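Only one structure is covered here, and it is reproduced in the block below.
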Amino acid sequence: MRENLLGPEPGPAAFDALYRAGAEPLAGTDEAGRGPLAGPLVAAAVILDPGREYPGVTDSKKLSPAARERAYELITARALAWAWADLPAEEVDRLNPLQAAMTAMALAVDKLPLKPALVLVDGHTRPALAGAVKTVVRGDGRSLSIGAASIVAKVVRDRLMLEWHERYPQYGFDRHKGYGTAAHLAALRCHGPCPCHRLSFRGVQPETEAPTADPRHELGRWGEELAARYLEGLGYRVVERNLTNAIGELDLVALDGATVVVVEVKTRRRVERAPAEAVNFRKQRQLTRAASLFLKSRRWLERSARFDVVEVFCPAGAPMQIRHIKNAFEAAGY
């Protein structure tokens, strides 16, 4: 088998020259899941055996689910080496989809048990790899190695989404695999996002999209909603939101196991100054007194408690970011 690219540029002759120069073993890499509203981004890297045939292997998007499964079994049985890597939804939010794809592809290549002499990458952006790399636009349909990687990445991701479906069947991940179908958007409107949703993606929670007029109250409520969902994704149980008593207001109160967590949420559009810096000594004292009154009202004074700060950054034109600061400050008596 020789890597055979279809189309005028680059053509088979170019890669024959690379082979003659000793560019074997050759790996192809591709990703699946850059655009969905939920789930991980998965990348795969595959080194095919030049002496074997791979019937049915092509761009994964051209195959039915059943055909992809058959091709996956063939690839993993006959390839010299293959590997995959995934990045969870929160990493896709943090990095942005393109950088997440580049990171996952680099991780997949690094996990290969054989070191490739050349890596063919689908698209026109090169991941951070130490060896020889060649980008191939529309490579999943023009390169057998990249096509094989696209199949492995897609099948692995679909299987991971079935695991998420077992945990959150109300979203229908078994059908749409996290993409923004009408049924998925309707489920989001009904249930809100779950821990595998990408909070920075438009459409995940339309009613909590960042307000354009930027009034402080509206922006703050938007940030508190996102912070609550972020904590719930970590396993916290939010028991109070915007609690007001005779002393003051507590943005969120959550349970981290048996520990009561009083959460101050700070939301900003500009990041010149960390939002948590606004929680000065005066604010800390007010939160301590308000929290004490709340604990007394719940008869939770015997429970351990702590004060956390969640920072929500939503700069214009950039992905939203969330930073959780545990034990942000100490309170007398706790």
### Query
In region 91-118, what count of residues is obtained for those that are surrounded by 20 or more Cβ atoms within 10 Å (Cβ to Cβ) and acidic (Asp, Glu)?
1
### Message
For region 119-132, which positions are crowded, with 19+ Cβ neighbours inside 10 Å and not in a loop (DSSP other than H, G, I, E, B)?
### Response
VAL119, LEU120, VAL121, ASP122
### Query
Which number in (1) more than 17 Å from LEU199 (Cβ to Cβ); (2) at pLDDT 85 or above marks the one condition that TYR236 misses?
(1)
### Message
Take the conditions exposed (fewer than 15 other Cβ atoms within 10 Å of the Cβ), modelled with pLDDT under 90 and within 25 Å of the chain's Cα centre (by Cα) and apply them to PRO315. Does it pass?
### Response
yes
## Note on the structure
Of (1) surrounded by fewer than 23 Cβ atoms within 10 Å (Cβ to Cβ); (2) within 25 Å of GLU91 (Cα to Cα); (3) in the same structural domain as SER64 (by TED's automatic domain parsing), ALA149 satisfies every one except (1)
### Summary
Restricting region 67-79 to residues that are among the aliphatic types (A, V, I, L, M) and not in a loop (DSSP other than H, G, I, E, B), the one surrounded by the fewest Cβ atoms within 10 Å (Cβ to Cβ) turns out to be ALA77
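Quick grid of which residues meet (1) closer than 17 Å to LEU199 by Cβ; (2) of a type in the set (S, T, N, Q); (3) at pLDDT 85 or above:
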residue	(1), (2), (3)
TRP222	yes, no, no
GLU240	no, no, yes
ALA246	no, no, yes
SER292	no, yes, yes
LYS296	no, no, yes
## Note on the structure
Of (1) in contact (Cβ under 8 Å) with a residue 60 or more places away in the chain; (2) not in a helix (DSSP H, G or I), ALA148 satisfies every one except (2)
### Message
I need the full set of residues from region 75-97 which are among the acidic types (Asp, Glu) and in contact with a Gly (Cβ under 9 Å, 6 or more places away or on another chain), in order please.
### Response
ASP86, GLU90
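Conditions (1) modelled with pLDDT of 85 or more; (2) not assigned by TED's automatic domain parsing to the domain that holds LEU63, marked per residue:
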| residue | (1), (2) |
| --- | --- |
| ASP140 | no, no |
| SER143 | yes, no |
| ALA186 | no, yes |
| CYS196 | yes, yes |
| VAL204 | yes, yes |
### Task
Please find, within region 80-90, the residue that is farthest from SER150 (Cα to Cα) out of those that are surrounded by 21 or more Cβ atoms within 10 Å (Cβ to Cβ) and out of contact with any Cys (no Cβ under 6 Å at 6 or more places or on another chain).
LEU87
### Query
Out of all the residues in region 238-272, which are farther than 19 Å from ALA328 by Cα and under 25 Å from the mean Cα position of the chain (by Cα)?
ARG269, ARG270
#### Entry: Positions within region 63-74 being farther than 23 Å from LEU114 by Cβ and either in contact with a Gly (Cβ under 7 Å, 6 or more places away or on another chain) or outside the structural domain of ARG157 (by TED's automatic domain parsing) (or both), in sequence order
ALA67, ARG70
### Summary
Checking LEU98, LEU18 in turn, the sole residue that is assigned to a helix (DSSP H, G or I) and modelled with pLDDT under 90 turns out to be LEU18
### Query
Can you name the residue in region 39-66 that is over 21 Å from the mean Cα position of the chain (by Cα) and not in a loop (DSSP other than H, G, I, E, B) and, of all such residues, is surrounded by the most Cβ atoms within 10 Å (Cβ to Cβ)?
VAL46
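The values are calculated or read from the model by the stated rules, or taken from the named source; none is laboratory data. Owing to the predicted nature of the structure, the values given are computational and were not obtained by experimental measurement. Heads up, the Cβs are rebuilt from the backbone with ideal geometry, glycines too, and the neighbour counts pull from every protein chain shown.
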